[in-house]
Amino acid sequence: MTDRAKMPLDKLVAEIIGQLTEAGFSSGTIGQYVKFFERLKKMSCSLGKEVFDQELARSFMEDSTHRRTGEYCHSRYLYHVRCVRFIESYIQDGLVDWSATHPLSPKELKSPEFRQCHARLRDSLEQDGLKPSTMEGYLRFVSYFLSYLEDRGYTALSQVRNGDITVFIVLVCQEHYAPTSLGAHITGLRRLVSIFPELEGYASEIPENLLKKQDITPVYTEDEYERVSQYLTESGLSERNRAIYLIAFETGLRAVDICKLKLSDIDWKHDTFHIRQEKTGKALAIPIRPALGNALAAYLLEERPPSDSSYVFLRSVAPYHPLTDHSGIYNILRQVLAEAGVEPDGRISGTRMTRHSYASRMLRNGIPLSVISEALGHSSPNSTLRYLSTDSRTMAECTLPLPKGGLS
């Protein structure tokens with residue numbers, strides 16, 4: 001262990017990447033971690049360090065600001081934590097621990113207010129005469145929540161914002177609870193919300209009905225989103241394919257609804273699509289974001305073949321009939337992802353995947369389930385609950401470092 005602890009960081013990282021390759025990870029995942037380790041090496045140079053130590057580890061995990069927005073980015077924090085775990089496990093035994101559930105050392109709450117909140121909840125539960133096992137389950141769940149708030153930089157309940165509870169529930173399902181077992185513990189969070197007026201307005205973010213079985217929902221990672229965004233900006237992709245890709249990823253529409261989109265469905269004055277879903281018959285008003293609007297306008301004005309068809313998207317070669325089936329949309333999405341370097345890795349493809357990713361991304365951004373349900377045109381809000389869980393690869397890459405036990 002002593003020799004590995006003194007290894008130059010460059011060599012240490014090379015050893016870890018080598019083990020990652022030997023473990024059979026995809027080239028896309030390897031490239032992703034190479035990017036994060038390069039960020040770590042750059043930080044080590046700025047701190048004047050040649051070897052890994054706890055100061056460097058702490059600084060790297062605290063580097064959680066999004067490079068474009070300047071705001072806290074939880075996914076960046078999680079990736080940095082995971083890189084630190086890889087290094088520490090390699091230094092310890094010479095083997096990298098890829099485990100998705102390997103926890104950081106338990107930590108106590110730093111905020112005096114959060115510690116008081118936890119203690120007050122304990123007193124309330126004790127007064128109700130709950131069984132010790134039930135009470136500890138509730139307290140443990142709440143300790144995860146308060147720890148998550150601290151990771152976001154909060155020190156008081158008054159700082160909680162709309163969407164924080166939604167995102168927490170998604171992340172805690174990935175790290176500690178299957179959605180099917182959440183109901184046995186989430187009551188603790190409901191009790192916390194009922195006790196403290198500062199949280200009263202966010203009670204609607206706690207789902208009432210939970211999954212009866214676990215559906216694993218594959219999604220694209222934030223890094224994969226960035227890769228595709230860069231590809232769309234820099235490539236010579238046709239405006240039609242660019243617009244189709246953006247509709248799928250920015251609206252979550254099914255392939256059949258993209259194919260059936262008509263020129264009369266576009267409300268340019270209000271930057272909105274007005275459609276009626278083929279599957280459910282439900283009417284939707286979908287905002288058109290600037291990037292999508294620009295690509296759509298460019299296609300219609302510069303690229304779309306002359307045609308009397310009322311449908312927006314036509315074949316790119318004669319005869320210029322409308323796109324009519326799922327396979328055309330599927331092939332366009334597959335081509336964009338392949339050229340952007342996003343590998344399927346056994347995941348589903350086409351608009352099923354983009355729809356899942358659209359919903360899960362909204363969840364990560366703190367959008368309540370009821371709003372997501374409306375955006376997707378679900379006939380029942382319960383249909384949206386499947387997005388509380390994502391695929392195993394994403395779970396492994398986006399683990400949430402929460403304490404294992406309850407706090408007193």
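The values are calculated or read from the model by the stated rules, or taken from the named source; none is laboratory data. Keep in mind that what you see is a predicted model, and the values were worked out from it rather than measured. Cβ sites come from the backbone with ideal geometry, for glycine too, and all protein chains shown count toward neighbours. Areas reflect the complete protein model, heavy atoms only, side chains present, ligands, DNA and RNA absent. Shrake-Rupley method; radii C 1.70, N 1.55, O 1.52, S 1.80 Å.
Determine the shape class of the range 210-346: with a ≥ b ≥ c the square roots of the Cα gyration tensor eigenvalues, call it rounded for a/c under 1.5, and otherwise prolate if a/b is greater than b/c, oblate otherwise. Walk me through the numbers before you get to the answer.
Numbers: a/c = 1.60, a/b = 1.21, b/c = 1.33.
Verdict is oblate for the range 210-346.
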Query - Subset of Lys35/Lys110; Lys6/Lys42; Lys110/Lys131; Lys49/Lys110; Lys41/Lys110; Lys11/Lys110 violating a 24 Å alpha-carbon distance limit - result: Lys35/Lys110; Lys110/Lys131; Lys49/Lys110; Lys41/Lys110; Lys11/Lys110
**Report entry** Spacing of the two label points (7 Å from each Cα toward its C-beta) at Arg67 and Tyr330, in nm
**Finding:** 3.5
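Count the lysine pairs in the range 211-315 that are 8 or more places apart or on different chains: how many have C-alpha atoms under 18 angstrom apart?
Pairs that pass both the separation and distance tests number 4.
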Query raised in the report: By how many nm would the segment from Ser316 to Lys11 lengthen if fully extended, with 0.36 nm per residue of separation less the alpha-carbon distance?
Result: 104.7 nm
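Can you pull the percent of the range 222-356's accessible area that's carbon plus sulfur, 1.4 Å probe, other chains left in place?
51
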Query raised in the report: Going by accessible area, probe 1.4 Å, with all protein chains left in place, what is the ranking of Arg122, Arg347, largest first?
Result: Arg122, Arg347
Requested in this report: Can you work out the accessible area per residue across the range 111-200, with the rest of the protein chains kept in place, probe 1.4 Å, in square angstrom?
Outcome: 39
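At a Förster radius of 51 Å, what calculated FRET efficiency corresponds to the Cβ-Cβ distance of Thr272 and Thr187, to the nearest 0.05? Working shown, then result.
Values: r = 40 Å, r/R0 = 0.78.
Between Thr272 and Thr187 the formula returns 0.80.
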Requested in this report: Report, by chain and number, residues whose modeled amide H sits under 5 Å from the one on Leu314, excluding near sequence neighbours (fewer than 5 apart, same chain).
Outcome: Leu323
**Report entry** Simple label model, 7 Å out from Cα along Cβ direction - Thr280 to Glu302, nm
**Finding:** 3.6
Query raised in the report: When all protein chains stay in place, what accessible area (Å², nearest 10, 1.4 Å probe) is found for Trp98?
Result: 60
